[in-house]
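K.L.:
Here it is, the structure in full.
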Amino acid sequence: MSVRKQYSPEFKSKIVLEILKEEKTLSQLSSEYGVHTTQLKNWKKEALENLPQLFDKRNIEAMKKDYEKQIQDLYAEIGRLTTQLSWLKKKSGIHHDP
């Protein structure tokens, strides 16, 4: 069983910037950082595909709104479950409030 190595986003970004500079070959960077060339190609491809999203403020705002709605929904669910739990405790005769 092999253990997959995890790399931080900062590490990946640093290497992708090195790749884009084109001062060293993928083989050189692979040897220098100990990351397979196929993985380096994948990181470069992913970075280039996602680059336009960095400049799309609408996308960020939409994600922010979705996140805020999820938080509101979760708080509503917590409130509903807390009310149900209190009702069930009352009906069952269990009352262990601290």
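The values are calculated or read from the model by the stated rules, or taken from the named source; none is laboratory data. Being a predicted model, the structure only gives us computed values, none of them experimental. Because the Cβ atoms are built from the backbone with ideal geometry, glycine has one as well, and the counts that use them run over all protein chains shown.
K.L.:
Inside the stretch 85-98, can you point out the residues that are part of a helix (DSSP H, G or I) and either surrounded by fewer than 10 Cβ atoms within 10 Å (Cβ to Cβ) or at pLDDT 95 or above (or both)?
P.N.:
Lys91, Ser92
K.L.:
While we're here: Does the stretch 55-64 hold any residues that are in a helix (DSSP H, G or I) and surrounded by 10 or more Cβ atoms within 10 Å (Cβ to Cβ), and which are they?
P.N.:
Selection gives Asn59, Ile60, Glu61, Ala62, Met63, Lys64.
K.L.:
What are the residue pairs meeting all of these: first residue in the stretch 1-27, first residue free of Cβ contacts under 8 Å to residues at least 60 places away in the same chain and among the small types (Gly, Ala, Ser), second residue surrounded by 13 or more Cβ atoms within 10 Å (Cβ to Cβ) and part of a loop (DSSP other than H, G, I, E, B), Cβ atoms under 6 Å, and 6 or more apart or on different chains?
P.N.:
none
K.L.:
Could you count how many residues in the stretch 37-54 are loosely packed, with under 11 Cβ neighbours inside 10 Å and modelled with pLDDT under 95?
P.N.:
Residues meeting the conditions: 6.
K.L.:
I've got another one for you. Which of (1) part of a helix (DSSP H, G or I); (2) free of Cβ contacts under 8 Å to residues at least 12 places away in the same chain; (3) over 24 Å from the mean Cα position of the chain (by Cα) is the odd one out, the single condition Glu46 does not satisfy?
P.N.:
It is condition (3) that Glu46 fails.
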